Each structure stands twice: as structure tokens, then as C-alpha cells.
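Step one of this worksheet: look at the structure below.
Bear in mind that the values in this text are calculations on the coordinates, not laboratory data. Please read these numbers as outputs of a predicted model, since none were measured by experiment. Reconstructed Cβ throughout: ideal geometry from the backbone, glycine too, with neighbour counts over all protein chains shown.
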Amino acid sequence: MEKALNYKNLRLKIGLELHVQLDTQHKLFCNCSTSMKEKTPTNTVSRKLHPVASEMGGIDAAAEFEYLRDRAFIYQVFNNESCLVELDEEPPHKINPEAFDLALQISLLLNCEIPNEIQIMRKVVIDGSNTSGFQRTAIIGLNGHVVYKGKKIPIAQVSVEEDAAAIVGDENGNVTYRLNRLGIPLVEIGTGVLEGYTPAQIQEIAYLIGVMTRSTGKTKHGIGSIRQDMNVSIKNGPRIEIKGIQELGILSKVIELEVRRQLSEKVKEETRAFNPDGTTKFLRPLPGAERMYPETDLLPISISNEYTDKIRRDLPEPWTRKVERFKVKMKLPEGLATEILNSEYLDLFEEIVDKTKVDPTIVANTFVSILKDLQRREKVEIERIPENRFMELFDALDKKKFVKEAIPQIVKYLATYPQDGVEEALKELNLKPATAGEVKDITKEVLDKSANMPFEKVYGIVMSKVRGRIDAQDVMKVVKGMVKK
Ligand SMILES: [Zn+2]
């Protein structure tokens, strides 16, 4: 086994940069959909990019490096998910107000100061992932913090920016990109220098920042929806940038491997790409300071103090607080509380818990495990069920029209017959709750035929007749009282 590292003595310094995709209806600078559902491109367009000197003069070293590779770029075009803006043939439209407000919310949740004027900038990117050769970005928040174990973690800045096109192929110097990801609003969160933390703690801090952005309820889910870049350095060493970490759970391992690499070889400042096994490989020299210049197609945006105050008043409850409320007030186990927070049914869950007296654990469990189980094992098409049916379902459960054991059966019925309501389902499935008297009668019938049948067998037969209509514990009580010892 390798010797454990003493990160304190090594003076480990980390800078984190999180990129979170916002789940807005439209892209940041055009009206295209952000849903990324279209699988087949309608067309492809081929381009070559050239670096241009920025207004400050000189060509950026990182940009020049990409240029020297002299590549051709092929862009896949989509019907509703790309337009002339993505192709750089039409100027950007005004910034999407939904994305702008979400970025403001996130900045305020991270305790940032909001500048009175927002200047949209162009950041030089000529790996082809932006057709224009630059990415539009704007700083929305500055000098914030989050509290981690009683300590203030500095948030240097929060920006809203366009996502880049996703690479789908690289053959003989021809790189293919899909244009549907280009222009999706991202929030970029950069921390200050984090010193005095272990890699495991850094991972928890990254998770905490991610959770704060999720508080808005308007961030995308799934792989690639949160991506991270990171600066890593140790005592007397250069700063190394690692790009494109798509999984939070691997962060501490990436840091440890990078520190070991820096200790074992002579390293120079550079940008490295992340490999799935946690190691990294050289990508390009570090970008210089000439990467940014103002976007001339768009005017600066003024934000009044009144506007910021309004956003501040309407801020969503931070997830850190919400998870505590779920655990303490609703008595959800930790795992279930986190799962329902990450679920697409979060809003519905809260509405149901608010309007009915059903045990929150039953409601959460339905959304995070029963629905998933039915989808996976029985191929039930849950998405066919209209959303208001779930409120109907728990309202009926609240009024004791059926017992909780019947939930899977009813959900399955509702997915099969989406036009039917819960009342019809109960009738069709014959799920009127069974009374203790009914269970007694069935048990008596079984025992009349075979008086010496052992308890387990009697219980099994009775259960098969009343399953889903009465709590199993109640059946057990009745049967136990009637079977001879
Ligand atoms: Zn577009």
C-alpha cells in the first residue's frame, strides 16, 4: 500500500470551478430548446477556425496551440435545438431572462455581491467547441461564501455562460461536434484558493456548492450536467489545471493521484484532461490573460438594487436547510431525504405532504423506489400518468380508501389506463379495504377444510386473497389468534 500523504505539510492548494447546466426552456442567447432530445441531426456544416488577435494585441498561447493542430470541424445541426445563432451566422439575441434570474438566485444563495452592471464578455476558445471561436460569459456575483463545518469557503465569482458543443467524433484531424449543447445556459462557480483541506473535504465542499445550485429546482440532472475543473498545486510547485471531471464522487481520488504525480515528476504549468480512471493527461498550455474581451453585439445590463432585493426576497429554501427539515420534521431517513431532493418529483412530494396526512416516508418511498422498480422490472410507462393523479392517489390513501400495500398495483393500472382516475382503478382492481371480519371468515374457511394446517401455510393462503387490501400485520394478528398452537 502507498504511504498516506500529509496534505498539510504539502501545503495543498485547490481552486474549484463548477459548471452547472440550467434547466431553462430556451438557450442563453437564442430561442432554441435546451432539451437535447433530438437524436438525429438534420444536416452537417464544416468549418475551420483561425485565432484572431484580441483587442489587447497578441494571440493567446492556449489558442495558438489549438490552431497549430490545424483541424477541420464538422457541426451537426438539429431542427429545434440549433439555429443560425449556434452557427455564428446571426448575432446573439438578448440574454434569456429565465437563465439570468436563476444565475442571480444562485449568486445570492452563495452570498455573493451583485454588480450594478453586467458586461457580457467573449472568452477565446478555439478547440472548435464554439463555432464563433469564443464563449460568451458574464460575471453575475462576486465575493461570496458557503459555510462548510463552521468555516467560510470563499466563492470568488459566479458567472452565467454558454455551454460548448459536445464532441462526438475525432477522425484524421476532423472533429465532429453536436450543436444542440452549444448555448445551453451554464452557471460557473469559482472558489477562492482552498488551503488546509484534505481531498475528501474538498469533495464535500464541491458537493455542498452543487447542492446549493440545486436549491433553485431548475438545474439539469444526469451525467455531464455538473462538470468540474480544478487547479491543484503543492508547496513550491506550479499550478496545474484539470478539466472536465464529470463525476463528483471521484474528485478526492483525482486530487490524490495528481499530488502523487506532482511529487514524482518535474511538472510545469499546463492544463490536463481527466481520464475515467482518475488519472490525467496533458491537454494544452495554461490559457493566458488575453482570453477575454467585451462582447460587442450586446449592451451591458444594468441591475437595480430593487431588482436584486426582489430576487433576494423570493429566494428558494437552500437545500441544506430543506434536507434538515425533511429529516427532523418529516422523519425521513437520511438516504431517502437526499434521494427525494434529487428526484424530479420533489415539488409534487412537497405538495402532497403539505395537503394530506399521509406519512411522508410512504410518499417519498413511492416516488424514489416504487416508481423506479415498476419502470425497471415491469417496464411500466410511468410518464403516461398525468401528474395530478398522484395527488388523487395519496388523497384516497389519506381517506383510507385502500391500504399502502396496493400502491404499486394502482400505479401500474394508472399507467396502463391513463384516462382512468384512482376511483376507477380501485373498482377495477377490487381494492376495497378488507375488514378484520372478512379475514376471519376466509381463515375459518381454510381451517374448516384442514384443521391442522400450520400457521405459515394458512397465513399464505389468506394473504393471497386479501393482498393489497389490508395491512399484512393485521392479517397476521387475526390468523395467529385462530390457528391452533
Ligand atoms: Zn439557437
Item checked: Burial order of peptide ranges 448-456, 218-226 (average beta-carbon count within 10 Å, highest first) -> 218-226, 448-456
Next item on the list: Please work out whether segment 13-294 counts as rounded, prolate or oblate from its C-alpha gyration tensor, where a ≥ b ≥ c are the square roots of the eigenvalues and a/c under 1.5 means rounded, while otherwise a/b larger than b/c means prolate and anything else oblate?
Entry: oblate
Next item on the list: Check the straight Cα-Cα distances from K400 and name the aspartates and glutamates below 12 Å, setting aside those fewer than 8 residues away within the same chain.
Entry: D471
Check: By a straight-distance test (C-alpha under 18 Å), which lysines pair with K457 as possible cross-link partners, with residues fewer than eight away in the same chain excluded?
Finding: K440, K444, K449, K465, K477, K480, K484, K485
Next item on the list: Set the Förster distance to 51 Å, then compute FRET efficiency between N174 and N342 from the Cβ-Cβ distance, nearest 0.05.
Entry: 0.85
Checklist line | Cβ-Cβ FRET estimate between K37 and E265, R0 fixed at 45 Å, reported to 0.05 | finding: 0.50
Check: What is the helix-to-structure angle for 388-398, meaning the angle in degrees between its Cα long axis and the longest Cα principal axis of the chain, kept from 0 to 90 and rounded to the nearest 10?
Finding: 40 degrees
Margin query: I want to check the label-to-label distance for D309 and K465. Put each point 7 Å from Cα in the C-beta direction and report it in nm to one decimal.
Written below: 7.1 nm
Notebook entry, point to check: Counting alpha carbon pairs within less than 8 Å and at least 6 residues apart, what relative contact order, in whole percent, applies to the chain?
Noted result: 15 percent
Check: If you take the square roots of the eigenvalues of the alpha-carbon gyration tensor of segment 162-252 and sort them as a ≥ b ≥ c, do you get rounded (a/c under 1.5), prolate (a/b over b/c) or oblate?
Finding: oblate
Note to self: For segment 100-175 and segment 360-411, what is the centre-to-centre distance using only Cα atoms, to the nearest Å?
What the structure shows: 39 Å
Check: How far, in degrees from 0 to 90, does helix 319-328 lean away from the longest principal axis of the Cα atoms of the chain, to the nearest 10?
Finding: 20 degrees
Notebook entry, point to check: Which far-off residues, 5 or more places away or on another chain, put their amide H under 5 Å from the one on Y75, with H placed in the peptide plane?
Noted result: V45, S46, R47, Y177
Next item on the list: Indicate, rounded to the nearest 5 percent, the antiparallel portion of the DSSP beta bridges found entirely in the chain.
Entry: 90 percent
Check: How far, in degrees from 0 to 90, does helix 472-482 lean away from the longest principal axis of the Cα atoms of the chain, to the nearest 10?
Finding: 20 degrees
Next item on the list: With +1 on each Lys and Arg Cβ and -1 on each Asp and Glu Cβ, and nothing else charged, work out how big the dipole of the chain is about its Cα centre, in Debye to the nearest 20.
Entry: 2380 debye
Notebook entry, point to check: How are the Cα pair distances of segment 317-428 distributed, in percent, across 10 Å bins from 0?
Noted result: 14, 47, 31, 8, 0
Next item on the list: Just order 154-163, 172-181 by mean Cβ neighbour count inside 10 Å, highest at the front, would you?
Entry: 154-163, 172-181
